[in-house]
1. Within the stretch 164-188, how many residues are over 17 Å from SER9 (Cα atoms) and assigned to a loop (DSSP other than H, G, I, E, B)?
2. Looking only at the stretch 143-163, which residues are touching a helix residue (DSSP H, G or I) at 6+ places or on another chain (Cβ under 9 Å) and either assigned to a helix (DSSP H, G or I) or among the β-branched types (Val, Ile, Thr) (or both)?
3. Check ARG129, ARG161, ARG139 and return the single one that is open to solvent by 60 Å² or more (accessible area, probe 1.4 Å) and either within 18 Å of the chain's Cα centre (by Cα) or in contact (Cβ under 8 Å) with a residue 12 or more places away in the chain (or both).
4. Being of a type in the set (Lys, Arg), part of a loop (DSSP other than H, G, I, E, B) and surrounded by fewer than 16 Cβ atoms within 10 Å (Cβ to Cβ) is the requirement here; does ARG118 meet it?
5. For the stretch 67-115, enumerate the residues that are assigned to a helix (DSSP H, G or I), under 24 Å from ASN8 (Cβ atoms) and aliphatic (A, V, I, L, M).
6. With the structure loaded, tell me whether GLN17 is of a type in the set (S, T, N, Q), surrounded by 23 or more Cβ atoms within 10 Å (Cβ to Cβ) and within 14 Å of the chain's Cα centre (by Cα) or whether it fails that test.
7. Would you check if GLY101 is under 17 Å from ALA7 (Cα atoms) and open to solvent by less than 20 Å² (accessible area, probe 1.4 Å)?
8. Looking at this structure, is GLY58 part of a loop (DSSP other than H, G, I, E, B) and either closer than 21 Å to LEU69 by Cβ or at pLDDT 95 or above (or both)?
Amino acid sequence: VIIQNGANSAVGQAVIQLAAQREVKTINIIRDRPDLGDTVERMKSYGAYMVVTEDKLGTPAFHRLISDLPKPKLGLNCVGGTSATEIARVLEKDSTLVTYGGMSRKPVQVPTSLLIFRNIQLRGFWLSRWVEEHSAEERLAMINNCWDLVKSKRLRMWAERYPLEDFAAALNRTTQAQRNRKAILVMKP
């Protein structure tokens, strides 16, 4: 089981799909939004096992909801703040919480007891560093692997396409709050 916040992001959607292909269940935390029902349905169509809003995270109802599942061995955090804390609280002993973003602009705070008594490991991931530390061959292999997943429709991304000449509209779209899709610029030969 994997638990992740920001689960409707492009990374979150990819995690859902790749985990489902390996029969790994995902607990997906998202912010409440006007189109919540549609967002949940889209995520479930990608293979999300469970989708919960952030305001439910850490509540007794949330703990009852996940009580039948094995405790997650991996937590993925792109939000920070209390969301990351609550994810860490539900992780299995000897698990890892990986932080790859900080959308809330609040620090990751984990109770000392989780580090000492449950041996929760905190890790960071920065794609730019990964690129610097891997050879051109390794980077190309990763890109080709991702491309093969996309071509075979085992990895889908929900995106809005914009012609290159509509760059301003695409840029404007990316600055809007709670957008669901990535803006993709399409270049025609």
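1. Matching residues across the stretch 164-188 total 2.
2. Listed by number, the residues that qualify are CYS146, LEU149.
3. ARG161
4. no
5. If the condition is that a residue be assigned to a helix (DSSP H, G or I), under 24 Å from ASN8 (Cβ atoms) and aliphatic (A, V, I, L, M), then ALA84, ILE87, ALA88, VAL90 are the ones that fit.
6. Judged against the criteria, GLN17 is not a match.
7. The answer is no for GLY101.
8. Against the criterion (part of a loop (DSSP other than H, G, I, E, B) and either closer than 21 Å to LEU69 by Cβ or at pLDDT 95 or above (or both)), GLY58 qualifies.
The values are calculated or read from the model by the stated rules, or taken from the named source; none is laboratory data. None of the values given here were measured: they were computed from a predicted structure. As a convention, Cβ positions derive from the backbone with ideal geometry for all residues, glycine included, and neighbour counts pool all protein chains shown. For accessibility, only protein heavy atoms count, side chains too; no ligands or nucleic acids. Shrake-Rupley method; radii C 1.70, N 1.55, O 1.52, S 1.80 Å.
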